[in-house]
Amino acid sequence: MSFSTASAATPAPAKAPVADVFDWKENTISPVTNPIYFEDPVIRSEIRPIFIYHRFDNSFVTGRGTARAGAIQFRYALTDRLAFIATQDGYLNINGTAVKGNGWMDLAAGFKYALINDVQNQFILTPGFTFQLPTGDKKIFNGRGSGQFNPFVSFAKGYGDLHLTGNLGVLIPMLRAEQNTMAHYSLMVDYHVSDWFIPFATANFWTTLNNASNIPGLRSNGYDVINFGAGNASGVTQGMLGIGFRSNIQKNLSLGFAYEMAVVKPYGLSNNRFTMDMCIRF
């Protein structure tokens, strides 16, 4: 055997580096509208200040006027699938011609779990629940009953830069005489034009499922802000349509803006409203 034959060897081809798989959820956005009940299906850690400005329908029990609400939500990812969520707190000011008042809102917190997280097919399904404690001020129609559960399921489906996000849940009060049982359902479609501009359209609806005795004769409810315990609202559906956009200022900081208007009579608490938020992620 010759020396050249014994020592020659064909080098093995180098393996190509494995490219990182882009997680489509990086381009999804948290809902801006219906912020208390339209829960993001994606598991994230964040602090989220929120401001909402309502204009009342003239025929509502409060009379002509406005309401302003400010709150700070908190979410913490305990694992990549499980998160603690604190979805309601804050301060509400009601300035109607017939009803005026301000005070603290009820507190609500719970958990959510990403049951299905299919990166390849761009789909996530996340059930969860919150419990609302009656800690708020009665002069702003909070602090009533013995609390209420909110079991829900949220989902998101991606089609490239287009995303469809939805939520379905039901508010179950401990005392049905004090508060109404209400189904709520939300849908949002957004398109990731760029990090700076992600427009969306949204629809939020609430259906009251029983009559309560807190406000006899009332035939509408308070959307996501107040459960009035209306006495004549069983079977009544209320809804709002909205448009807006989210802007990712930095990787872990985004701003959201939305305008909504009521589209199903009786309009209830809001004829139209503006919502602004800031998502600070960590």
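Arrange the peptides 93-101, 225-233 so that the one whose residues have, on average, the most other Cβ atoms within 10 Å appears first.
Top of the packing list down: 225-233, 93-101.
Rounded to the nearest 0.05, what FRET efficiency is calculated for M276 and L164 with R0 set to 25 Å and r the Cβ-Cβ distance?
0.60
Suppose the chain between K138 and Y53 were pulled fully straight at 0.36 nm per residue; how much longer would it get relative to their current alpha carbon spacing?
Here the answer is 28.6 nm.
Greater than 20 Å separation of Cα atoms is the criterion. Which listed pairs, K139/K265; K100/K265; K25/K157; K157/K265, meet it?
Table pairs above 20 Å Cα-Cα are K139/K265; K100/K265; K157/K265.
Roughly how compact is the range 85-189, stated as its Cα Rg over 2.2 N^0.38 Å to two decimals?
Expressed relative to 2.2 N^0.38 Å, the Cα Rg reads 1.32.
Along the Cα-to-Cβ line of F123, 7 Å from the Cα, sits a label point; which residues in the range 151-177 have backbone N less than 18 Å from it?
Counting only backbone N, you get 153-168.
Hey, what does the equivalent ellipsoid look like for the range 183-282, semi-axes from the Cα gyration tensor as sqrt of 5 times each eigenvalue, largest first, whole Å?
Equivalent ellipsoid of the range 183-282: 33, 13, 10 Å, largest first.
Local charge sum around H184 (other residues, Cβ-Cβ under 12 Å, Lys/Arg +1, Asp/Glu -1)?
After counting each charged neighbour, the total is -2.
Would you calculate a helix-derived [θ] at 222 nm for the chain, using -39,500 (n - 2.57) for each DSSP H run of n ≥ 4 and dividing by the full residue count, to the nearest 500?
Rounded to the nearest 500, the figure is -500 deg cm²/dmol.
Starting from the Cα-Cα distance between A177 and A201, subtract it from 0.36 nm times their residue separation and give me the gain in nm to one decimal.
Additional length available on full extension: 5.1 nm.
So which trypsin sites (Lys or Arg not before Pro) in the range 177-282 pass both tests, a DSSP loop state and at most 10 other Cβ atoms within 10 Å of the Cβ?
When the trypsin sites (Lys or Arg not before Pro) of the range 177-282 are filtered for loop state and at most 10 Cβ neighbours within 10 Å, K251 remain.
Within 12 Å, Cβ to Cβ, of S146, how many net charges do the neighbouring residues add up to if Lys/Arg are +1 and Asp/Glu are -1?
That sum, taken over residues with Cβ under 12 Å, equals 0.
Relative contact order for the chain: what percent, with Cα pairs under 8 Å and sequence separation of 6 or more?
Contact order relative to length: 16 percent.
With the calculation restricted to Cα positions, what are the radius of gyration and Dmax of the chain in angstrom?
So, for the chain, Rg and Dmax equal 23.5, 106 Å respectively.
Quick one: grab the alpha carbon gyration tensor of the range 29-110, order the square roots of its eigenvalues as a ≥ b ≥ c, and give me rounded if a/c is under 1.5, else prolate or oblate depending on whether a/b is larger than b/c.
prolate
How much length is gained on full extension from D23 to F131, taking 0.36 nm per residue of separation minus their Cα-Cα distance?
The span from D23 to F131 would gain 35.7 nm if fully extended.
Laboratory data are not the source of any read-out in this text; all were calculated from the coordinates shown. Predicted model only: the values in this text are computed from it and were never measured. Every residue, glycine among them, receives a Cβ derived from its backbone with ideal geometry; neighbour counts consider all protein chains shown.
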